[in-house]
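One structure, as structure tokens, below. Some questions next.
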Amino acid sequence: MHQQNDQRATVLVVDDDICCSELLCGVLREMGVHTISAQSGAEAYELICQGECRIVISDWQMPEMTGIELCEKVRRRQLGDYVYFMLLTSLHGRTNLVRGLQAGADDFITKPFDPYELHVRLRVAERIVSLENRGLIVFSLAKLAESRDPETGAHLERMREYSRVLAQYLATQPKYEHIIDADFIRAIYLTSPLHDIGKVGIPDNILLKPGRLTSEEFEIMKQHTTIGCNTLDAAYAACPSAEYLRLARDIANSHHEKYDGSGYPNGLKGTEIPLCGRIVALADVYDALTTKRVYKDAFSHEAAKKIIIEGLGSHFDPDVVDAFLHKEDRFIQIKNCLDGEDPLPVNAIPVPMSVSPPVAMAGLST
Ligand SMILES: [Fe+2]
Ligand SMILES: [Fe+2]
């Protein structure tokens, strides 16, 4: 079990009136929110730049630097995380609202504040902040993976589309309608490009080897699944509310498992393999098959389809193959639409040119 961390963002309360500030901080603390406070815009700005908070509730009217001016100053920053800015005001009317929005405020709280409304608005703020974190984490990890993986960015782009199509189709089937929801579909689209993130931990002489891997080398190559899993699991443990990291971890760990238990790293069988891994396995292999590699031409859709059907029940989950067969037109469309040039300067995948397609598949998309 993962340790449950305090996931709530720290809120900075900015008010020159110490009584108002203490009142608001008190209410926030009762909601379980960690607060810090500043009595001037300058003090607040310093705390923001130090990364002490991601949510600010600032009084509008303060001497020297007003709430609006503070907000504008925060928005002019080039670096740093996005700060969700709420203006606290007793001023009413559209003009002030527009002024606040123009300055970059995200929301307004009118004084005297209603604790329930404050609570709800704070939840919105926390959601926005966590969304930004999510995009950022996944983007940085995907870029890292891309820099070490000889497969191209276009591969990642296509396989996330294929994964989404498969998940969307399965969601319409009675067996999966209570398992796959919109969040699952979004999350698989978001995190499937991280499937090979663990390749960052594979030595260059193996990852970039321009030839067939020896069996010892292949054993090391296989570790990209557990390296990826451990990395993402550590991220998930640090942020257990980020469910998408659990999905990313499971994909990294299970995308080379095979339905009959002959895959790696754990030899999981059938539904022991997380559903996301079963989906990504097909998406990944289809793209590897239909893409030109230095050792082979791209297989046609029909040839790839034949290989996938041959792998039904052995390599692939029959339900996922069924989804593929129902959505093959979408696969062709995606492939045609996102078919970038795939330079692949090195042969990271240990398959000789002469092998027949079913054997070739065994080595594809390590
Ligand atoms: Fe891949
Ligand atoms: Fe892989």
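The values are calculated or read from the model by the stated rules, or taken from the named source; none is laboratory data. All of these numbers come straight from a predicted model, not from anything done at the bench. As a convention, Cβ positions derive from the backbone with ideal geometry for all residues, glycine included, and neighbour counts pool all protein chains shown.
Is it fair to say Val285 is buried (at least 24 other Cβ atoms within 10 Å of the Cβ), in contact (Cβ under 8 Å) with a residue 24 or more places away in the chain and either away from ligand 1 (no atom under 15 Å from the Cβ) or within 26 Å of the chain's Cα centre (by Cα) (or both)?
yes
Output the residues belonging to segment 1-59 that are at pLDDT below 90 and among the acidic types (Asp, Glu).
Passing the criteria: Asp6, Glu46, Glu52.
Determine if segment 140-158 includes at least one residue that is within 16 Å of ligand 2 (Cβ to nearest atom), modelled with pLDDT under 85 and β-branched (Val, Ile, Thr).
yes
Restricted to segment 166-197, and to residues that are surrounded by 23 or more Cβ atoms within 10 Å (Cβ to Cβ) and farther than 18 Å from Asn253 by Cα, which residue is farthest from ligand 1 (Cβ to nearest atom)?
Leu170
Ok, one more. Here are Thr231, Thr191, Thr225: which of them is of a type outside the set (Lys, Arg) and modelled with pLDDT of 95 or more?
Thr225
Sort out which residues of segment 257-272 are in a loop (DSSP other than H, G, I, E, B) and over 9 Å from His315 (Cα atoms), and write them in order of number.
Of everything in segment 257-272, those that are in a loop (DSSP other than H, G, I, E, B) and over 9 Å from His315 (Cα atoms) turn out to be Tyr264, Pro265, Asn266, Gly267, Leu268, Lys269.
OK, next. Report those helices (runs of 4 or more DSSP H) wholly inside segment 141-213 carrying at least 3 residues which are more than 18 Å from Thr291 (Cβ to Cβ) and of a type in the set (A, V, I, L, M, F, W, C).
Hits in segment 141-213: 153-171, 182-191.
Moving on. Mind checking which residues of segment 225-256 are within 16 Å of ligand 1 (Cβ to nearest atom), closer than 20 Å to Leu190 by Cβ and in a helix (DSSP H, G or I)?
Correct list: Thr225, Gly228, Cys229, Leu232, Ala248, Asp250, Ile251, Ala252, Asn253, Ser254.
Please find, among Thr271, Thr231, the residue that is among the hydroxyl-bearing types (Ser, Thr, Tyr), within 17 Å of Ser140 (Cα to Cα) and either buried (at least 16 other Cβ atoms within 10 Å of the Cβ) or assigned by the TED database to the domain that holds Glu310 (or both).
Being among the hydroxyl-bearing types (Ser, Thr, Tyr), within 17 Å of Ser140 (Cα to Cα) and either buried (at least 16 other Cβ atoms within 10 Å of the Cβ) or assigned by the TED database to the domain that holds Glu310 (or both) holds for just one of Thr271, Thr231, which is Thr231.
Need the failing condition index for Gly51 against (1) assigned to a loop (DSSP other than H, G, I, E, B); (2) in contact with a helix residue (DSSP H, G or I) (Cβ under 8 Å, 6 or more places away or on another chain), just the number.
(2)
Here's another thing I want to ask about it. So which residues in segment 231-275 are polar (S, T, N, Q), within 16 Å of ligand 2 (Cβ to nearest atom) and touching a helix residue (DSSP H, G or I) at 6+ places or on another chain (Cβ under 8 Å), if there are any at all?
Hits for segment 231-275 are Thr231, Asn253, Ser254, Asn266.
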